[in-house]
1. Carbon and sulfur atoms: what percent of the 1.4 Å accessible area of the chain do they account for?
2. Summarise the long-distance tail of P(r) for segment 120-266 by giving the % of C-alpha pairs beyond 23 Å.
3. Karplus couplings for segment 161-169 from phi (6.51 cos²θ - 1.76 cosθ + 1.60, θ = phi - 60°), rounded to Hz, Gly and Pro as x?
4. Which value, in Å to one decimal place, does the Kirkwood hydrodynamic radius take for segment 13-134 when every pair of different Cα atoms is included?
5. In µm²/s, what is D for segment 208-266 at 4 °C and 1.567 mPa s, where D = kT/(6 pi eta Rh) by Stokes-Einstein and Rh is the Kirkwood radius from Cα pairs?
6. Contact order normalised by length for segment 147-266, with contacts defined as Cα pairs under 8 Å and 6 or more residues apart; what percent is it?
7. Got a sec to turn the phi values of segment 251-257 into Karplus ³J(HN,Hα) couplings, 6.51 cos²θ - 1.76 cosθ + 1.60 with θ = phi - 60°, whole Hz, x for Gly and Pro?
8. Got a number for the accessible area of ASP19? Probe 1.4 Å, square angstrom, nearest 10.
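The values are calculated or read from the model by the stated rules, or taken from the named source; none is laboratory data. Being a predicted model, the structure only gives us computed values, none of them experimental. Please note: Cβ atoms are built from the backbone with ideal geometry, for glycine as well, and neighbour counts cover all protein chains shown. Side chains are part of the model used for accessible areas, which takes the heavy atoms of the whole protein and leaves out ligands, DNA and RNA. Shrake-Rupley method; radii C 1.70, N 1.55, O 1.52, S 1.80 Å.
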Amino acid sequence: MKKRKWIMNKFALVVKQDDHSHHIAAKIKAALCEGGWTFDLEKAELIICVGGDGTILQAVHQYMDQLQDVQFLGVHTGTLGFLTDYTQNELEEVIQAILTTEPEVYESKLLEITAYGKEVKRYYALNEMRIENVIRTQILEISIDEEPFEICRGSGVCLSTQAGSTAYNRSLRGAVIDSGLSIMQLCEITGIQNSLHRSLNVPYIMTDTRTVAFRSHTFDEATLCYDHLHASLEGIKKVTCRMSNKKVIFSRYRPYSYLKRLKNLY
Ligand code: NAD
């Protein structure tokens, strides 16, 4: 966690599309404007996300080209999330914090995904990238730093960040990674294991300096999923993924307990 001199007074809101979240967002907007802050969609320095972890993901992708200039703060309108710091029951606290406190910042790096076909396409993800094929067995030759690693046969793979370790990765029985570590975690999605074919078959956690490449004789019918978004892989020959220099900056107005969030999961 770092303390950064970054005086902010312009904000924007990204709000989950339900009446309750809009109601909470309207209260925050009115209180901040009354407190001297300016609502400015284009030049905002603080992006307040009202909804859930999915709302933060949406906001990050919305502000992808301005990540170096903005900080994100989440207000959850349900239970506490991993990417959100306050709940709807703490509106007074969050408003007072924004108006009176200089936050610490916590940075979370994004995955950089490159798909090579006739064109080269680039995508970014805070949680994870997945190559998924729900129609037929997807064969993937995986190399790490250009060294052949394994061949996976199944419905695909998920490569997640620390932030994404509690999301799709956890459903694949991947490890939950403590806050503050920067790693990438590779998990198979319903991998086929039999006498003719075996793969590592457990999650592989690697340093964030690695580059993972996925090759296949065909990616047609497979989909590239990155956070809540997706793209077709038709005509693609190779997909690579590494940790990008792009990062999401979260405002932390008070101590963050990762354990408290973990305990909420079960
Ligand atoms: P969504 O509406 O499908 O919700 C998925 C759930 O994952 C929500 O409860 C969301 O709050 C939660 N979530 C998102 N990021 C999280 C994180 N970092 N830690 C813990 N929980 C998290 O989709 P959404 O809200 O737009 O979120 C997209 C994310 O959903 C994807 O990045 C993926 O990780 C996750 N997802 C998980 C599964 C699964 O576990 N089988 C399936 C689809 C999507």
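1. Numbers: 6480 of 13160 Å².
Carbon and sulfur atoms account for 49 percent of the accessible area of the chain.
2. Numbers: 3817 of 10731 pairs.
When every Cα pair of segment 120-266 is considered, 36 percent fall beyond 23 Å.
3. Result, rounded to whole Hz: 8, 4, 4, x, 5, 9, 9, 4, 3.
4. Details: mean 1/r = 0.0634 Å⁻¹.
Averaging 1/r across every pair of different Cα atoms and inverting gives 15.8 Å.
5. Numbers: Rh = 15.3 Å.
The calculation lands on 85 µm²/s.
6. Numbers: 160 pairs, mean separation 23.0, N = 120.
Normalised by residue count, the contact order of segment 147-266 is 19 percent.
7. Running phi through 6.51 cos²θ - 1.76 cosθ + 1.60 with θ = phi - 60° gives 7, 10, 8, 7, x, 10, 9 Hz.
8. 140 Å²
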